[in-house]
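Undergrad: Dumping the structure here so I can ask a few things about it.
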Amino acid sequence: TQSTRPQRLLSAVQKNATRGNPRSVVRAIDEFCRHKEWAMNVGDEKGCILDSIVSEVNPVTVLELGTYCGYSTVRIASLLPPNAKLITLEFNPDFAAIARQVIAWAGLQDKVQLVEGSSGDWIPKIQEQFGINTFDLVFLDHWKDRYLPDTKLMEKCGLLRKGSVLVADNVICPGTPDYLEYVRSSPCYKSQYFISHLEYTKAEDGLEKSVFLG
Ligand SMILES: O=C(NCCc1nnc(-c2ccc3[nH]cnc3c2)[nH]1)c1cc(-c2ccc(F)cc2)cc(O)c1O
Ligand SMILES: [Mg+2]
């Protein structure tokens, strides 16, 4: 049977990256996506901006919405302090199966909890299931029409505290207009746009960093 693009991306990691070396996993995926097949990872350019925000926040608790193949999961988890935890939600079981293997190849499985299911179902259950009260950092990279409803849901569930940082991918391409309008106009957020490009292309895209003011 034909392989899928996530399966071919995993094969490229297993062929070209060193086990236990997250940077080599990131490099192998970027090489594959730039020279073989485009895939919807945050990519190297926006990835560097994400790295700088993660390093600045130095989070102990991280929520990622939208794992895909685990590229940003590996980027973020490789920067976390030893006691930190990253919970990543993936809706598509095929993506989740690939991401688990990519995260394991990077040797980061002890820092990462991959949860399969819909963000709408899982966000209200995180506190009781994982013993986490609030998140220091949230990376939004799932379905673009879910950014706003899930942000409101996180507020309602008390998962954000004064100073929690939201980083949203693709606010220009494919675009998340309702989310952008909300975080830029709400008095509860201080927002900043980091201009960049859609992964592996020349099209404009960017990350929106929004600090929850409580
Ligand atoms: O759709 C994207 N990403 C979403 C994948 C996903 N992986 N997991 C989920 C999930 C996870 C829990 C969920 N709970 C409820 N829905 C859920 C969806 N969604 C995406 C698309 C593009 C893109 C740009 C230009 C194009 F021409 C075509 C495509 C670029 C990107 O950087 C993206 O991130
Ligand atoms: Mg994205």
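The values are calculated or read from the model by the stated rules, or taken from the named source; none is laboratory data. Note that this is a predicted model, so its numbers are computed, not measured. Every residue, glycine as well, gets a Cβ built from its backbone with ideal geometry; the counts of neighbours run over all protein chains shown. The accessibility values were calculated without ligands, DNA or RNA, using every heavy atom of the protein model including side chains. Shrake-Rupley method; radii C 1.70, N 1.55, O 1.52, S 1.80 Å.
Undergrad: Return the calculated 222 nm mean residue ellipticity for the chain, to the nearest 500 deg cm²/dmol, obtained by summing -39500 (n - 2.57) across DSSP H runs with n ≥ 4 and dividing by the residue count.
TA: Numbers: 9 runs with 89 residues, N = 214.
Per the formula, -12000 deg cm²/dmol.
Undergrad: Have a look at VAL211, GLY120, SER3 and report the one farthest towards the positive end of the charge dipole of the chain, computed about the Cα centre with Cβ charges (Lys/Arg +1, Asp/Glu -1).
TA: Among VAL211, GLY120, SER3, the one farthest towards the positive end of the dipole of the chain is SER3.
Undergrad: Using alpha carbons only, how many degrees (0 to 90, rounded to 10) separate the axis of helix 22-35 from the longest principal axis of the chain?
TA: Taking Cα atoms only, the helix is inclined about 70 degrees.
Undergrad: Sticking with this one: Inverting the mean 1/r over all pairs of different Cα atoms, compute the Kirkwood radius of the range 1-139 and quote it in Å. Don't jump to the answer; show the numbers that get you there.
TA: Numbers: mean 1/r = 0.0662 Å⁻¹.
The answer is 15.1 Å.
Undergrad: Are there GluC sites (Glu not before Pro) in the range 12-66 that DSSP puts in a loop and that have at most 13 other Cβ atoms within 10 Å, and which ones?
TA: On the way: sites: GLU31, GLU37, GLU45, GLU56, GLU64; in loops: GLU37.
Here the GluC sites (Glu not before Pro) that fit, given the DSSP loop and packing criteria, are GLU37.
Undergrad: Next question, about the same structure. Measure nothing but the geometry: give the 0 to 90° angle between the long axis through the Cα atoms of 93-105 and the longest principal axis through the Cα atoms of the chain, rounded to 10°.
TA: The angle comes out at about 70 degrees.
Undergrad: About the Cα centre of the range 145-185, what is the dipole size in debye to 20, counting +1 per Lys and Arg Cβ and -1 per Asp and Glu Cβ, all else neutral?
TA: Values: 6 positive and 6 negative charges, 55 e Å.
Here the range 145-185 has a charge dipole of around 260 debye.
Undergrad: Between LYS156 and CYS48, what is 0.36 nm times their sequence separation minus the Cα-Cα distance? Round to one decimal in nm. Intermediate results must be reported in sequence, preceding the final value.
TA: Working: separation 108, 0.36 × 108 = 38.88 nm, distance 3.11 nm.
Contour length minus Cα-Cα distance gives 35.8 nm.
Undergrad: Count neighbours as other Cβ atoms within 10 Å of each site's Cβ, and list the trypsin sites (Lys or Arg not before Pro) in the range 20-100 that are DSSP loop with at most 15 such neighbours.
TA: Values: sites: ARG23, ARG27, ARG34, LYS36, LYS46, ARG75, LYS85, ARG100; in loops: LYS36.
Loop-located and lightly packed - LYS36.
Undergrad: Okay, next question. State the percentage of accessible surface on the range 69-214 attributable to carbon and sulfur atoms; use a 1.4 Å probe and exclude ligands, DNA and RNA. Walk me through the intermediate numbers first.
TA: Numbers: 3340 of 6190 Å².
Carbon and sulfur atoms account for 54 percent of the accessible area of the range 69-214.
Undergrad: Using only the alpha-carbon atoms of the range 83-214, report the extent along each of the three principal axes, biggest first, to the nearest angstrom.
TA: Principal axes ranked by extent give 37, 37, 26 Å for the Cα atoms.
Undergrad: Taking 0.36 nm per residue of sequence separation and subtracting the Cα-Cα distance, how much length would be gained by fully extending the chain between ASN58 and PHE194, in nm to one decimal?
TA: Working: separation 136, 0.36 × 136 = 48.96 nm, distance 1.89 nm.
Here the answer is 47.1 nm.
Undergrad: Subtract the Cα-Cα distance of GLU37 and SER24 from 0.36 nm times their separation in residues, and report this length gain in nm to one decimal. Intermediate results must be reported in sequence, preceding the final value.
TA: Working: separation 13, 0.36 × 13 = 4.68 nm, distance 1.81 nm.
Gain in length upon complete extension: 2.9 nm.
Undergrad: Further question: Taking the DSSP beta bridges in the chain as the whole, what percent of them are antiparallel, to the nearest 5? Please list the in-between numbers first.
TA: Details: 13 of 31 bridges.
Counting DSSP beta bridges with both partners in the chain, the antiparallel share is about 40 percent.
Undergrad: For the chain, what is the charge dipole size about the Cα centre, in debye to the nearest 20, if Lys and Arg each add +1 at the Cβ and Asp and Glu each add -1 at the Cβ? Intermediate values should be presented prior to the final figure.
TA: On the way: 24 positive and 26 negative charges, 84 e Å.
It works out to roughly 400 debye.
Undergrad: Can you tell me the alpha carbon radius of gyration of the range 1-68 divided by the globular rule-of-thumb value 2.2 N^0.38 Å?
TA: Values: Rg = 13.5 Å, N = 68, 2.2 N^0.38 = 10.9 Å.
Cα-based Rg divided by the globular estimate yields 1.24.
Undergrad: Which entries in the list LYS162/LYS209; LYS144/LYS209; LYS15/LYS209; LYS152/LYS202; LYS85/LYS156; LYS144/LYS190 go over 25 Å, if you measure between the two C-alpha atoms of each?
TA: Values: LYS162/LYS209 14 Å; LYS144/LYS209 16 Å; LYS15/LYS209 35 Å; LYS152/LYS202 32 Å; LYS85/LYS156 22 Å; LYS144/LYS190 21 Å.
In this structure, LYS15/LYS209; LYS152/LYS202 exceed 25 Å between Cα atoms.
Undergrad: Further question on the same structure: Against the longest alpha carbon principal axis of the chain, how many degrees, from 0 to 90 and to the nearest 10, is the axis of helix 5-16 turned?
TA: Helix 5-16 sits roughly 60 degrees off the main axis of the chain.
Undergrad: To continue, here is another question. Per residue, how much accessible area does the range 96-214 show when a 1.4 Å probe rolls over the protein heavy atoms, in square angstrom? Please list the in-between numbers first.
TA: Numbers: 5300 Å² over 119 residues.
Accessible area per residue, the range 96-214: 45 Å².
Undergrad: For the range 115-176, what D do you get in µm² per second when you plug the Kirkwood radius from alpha-carbon pairs into Stokes-Einstein at 37 °C and 0.692 mPa s? Intermediate values should be presented prior to the final figure.
TA: Details: Rh = 12.2 Å.
Result for D is 269 µm²/s.
Undergrad: Right, next: First measure r as the distance between the Cβ atoms of GLN14 and ARG184, then evaluate 1/(1 + (r/R0)^6) with R0 = 35 Å and state the FRET efficiency to the nearest 0.05.
TA: Details: r = 42 Å, r/R0 = 1.19.
For R0 = 35 Å, the calculated efficiency reads 0.25.
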